[in-house]
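Asker: Have a look at this one before I ask anything.
The values are calculated or read from the model by the stated rules, or taken from the named source; none is laboratory data. Nothing here was measured: the structure is a model prediction, and the numbers come from that model. Ideal geometry is used to build each Cβ from the backbone, glycine not excepted, and the neighbour counts take in all protein chains shown. Remember, those area values only see protein heavy atoms, side chains included, never the ligands or the DNA or RNA. Shrake-Rupley method; radii C 1.70, N 1.55, O 1.52, S 1.80 Å.
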Amino acid sequence: MVTRRRVVITGLGVISSIGIGKEEFWKGLLEGHSGISRIQRFDTSQYDVHMGGEVTKFEPRDFFDKKETRRLGRAAQFAIASVKLALKDAELSLEEVSGPQTSLCLGTT
């Protein structure tokens, strides 16, 4: 017997090299932006690869206070900021989605 479960995507939060937020990201995709450029954030001279999809337009203070910005690593900032964007997009609060029927799909590379 096949059990079917309904899945509803209510909000999206995107932090990427071509845009922050789903609108900017989608606009970048439609305009054909790749987001790939020479890596500037760290020295790549010891590596074979010098190009990447670096997130350059992310401003932590848009999502966190000064203390949180210092306390959280960059990957954690991206993850939490994307959740905040998804909740805003869904017009939901964290309290409204804290039940067992809520799931999160988060991808990073």
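Asker: Test of understanding: among G32, G53, which residue is touching a strand residue (DSSP E or B) at 6+ places or on another chain (Cβ under 9 Å) and not polar (S, T, N, Q)?
Answerer: Values: G32 fails: touching a strand residue (DSSP E or B) at 6+ places or on another chain (Cβ under 9 Å).
When all the criteria are applied, what remains is G53.
Asker: For A86, indicate whether it is surrounded by 10 or more Cβ atoms within 10 Å (Cβ to Cβ), small (G, A, S) and free of Cβ contacts under 8 Å to residues at least 12 places away in the same chain.
Answerer: Details: surrounded by 10 or more Cβ atoms within 10 Å (Cβ to Cβ): yes; small (G, A, S): yes; free of Cβ contacts under 8 Å to residues at least 12 places away in the same chain: no.
Against the criterion (surrounded by 10 or more Cβ atoms within 10 Å (Cβ to Cβ), small (G, A, S) and free of Cβ contacts under 8 Å to residues at least 12 places away in the same chain), A86 does not qualify.
Asker: Checking the structure you have, find out if any residue of the range 17-27 is assigned to a helix (DSSP H, G or I), open to solvent by less than 100 Å² (accessible area, probe 1.4 Å) and in contact with a Gly (Cβ under 8 Å, 6 or more places away or on another chain). Walk me through it before giving the result.
Answerer: Step one: of the range 17-27, the residues assigned to a helix (DSSP H, G or I) are 22-27.
Keeping just the survivors that are open to solvent by less than 100 Å² (accessible area, probe 1.4 Å) gives 22, 24-25.
In the following step, the residues that additionally are in contact with a Gly (Cβ under 8 Å, 6 or more places away or on another chain) were identified as 22, 25.
Yes.
Asker: For the range 84-109, what are the residues that are in a helix (DSSP H, G or I) and farther than 18 Å from D62 by Cβ?
Answerer: First, the residues of the range 84-109 that are in a helix (DSSP H, G or I): 84-90, 95-97.
Within the range 84-109, A90, E95, E96, V97 meet the criteria.
Asker: Of the residues K57, K66, which is under 15 Å from the mean Cα position of the chain (by Cα) and not β-branched (V, I, T)?
Answerer: Numbers: K66 fails: under 15 Å from the mean Cα position of the chain (by Cα).
Result: K57 is the single residue among K57, K66 that is under 15 Å from the mean Cα position of the chain (by Cα) and not β-branched (V, I, T).
Asker: If you go through the range 37-83 one residue at a time, how many are open to solvent by 70 Å² or more (accessible area, probe 1.4 Å), part of a helix (DSSP H, G or I) and basic (K, R)? Break it down into steps so the answer makes sense when it comes.
Answerer: Just the residues of the range 37-83 that are open to solvent by 70 Å² or more (accessible area, probe 1.4 Å), to begin with: 38, 40-43, 45-49, 51, 56-57, 59, 61-62, 65-67, 70-71, 75.
Narrowing further to those that are part of a helix (DSSP H, G or I): 61-62, 66-67, 70-71, 75.
Adding the requirement that they be basic (K, R) leaves 61, 66-67, 70-71.
Result for the range 37-83: 5.
Asker: Take the residues in the range 62-77 that are in contact with a helix residue (DSSP H, G or I) (Cβ under 6 Å, 6 or more places away or on another chain) and of a type outside the set (F, W, Y), then tell me which one is nearest to G13 (Cα to Cα).
Answerer: Here is the first cut: in the range 62-77, the ones in contact with a helix residue (DSSP H, G or I) (Cβ under 6 Å, 6 or more places away or on another chain) are 63, 69, 77.
From what's left, of a type outside the set (F, W, Y): 69, 77.
Details: T69: 19, Q77: 13 Å.
Only one residue fits best here, namely Q77.
Asker: Would you call A86 under 19 Å from G13 (Cβ atoms), out of contact with any Lys or Arg (no Cβ under 9 Å at 6 or more places or on another chain) and among the small types (G, A, S)? Outline the logic, then answer.
Answerer: Numbers: under 19 Å from G13 (Cβ atoms): yes; out of contact with any Lys or Arg (no Cβ under 9 Å at 6 or more places or on another chain): no; among the small types (G, A, S): yes.
Considered against the rule, which asks whether it is under 19 Å from G13 (Cβ atoms), out of contact with any Lys or Arg (no Cβ under 9 Å at 6 or more places or on another chain) and among the small types (G, A, S), A86 comes out as no.
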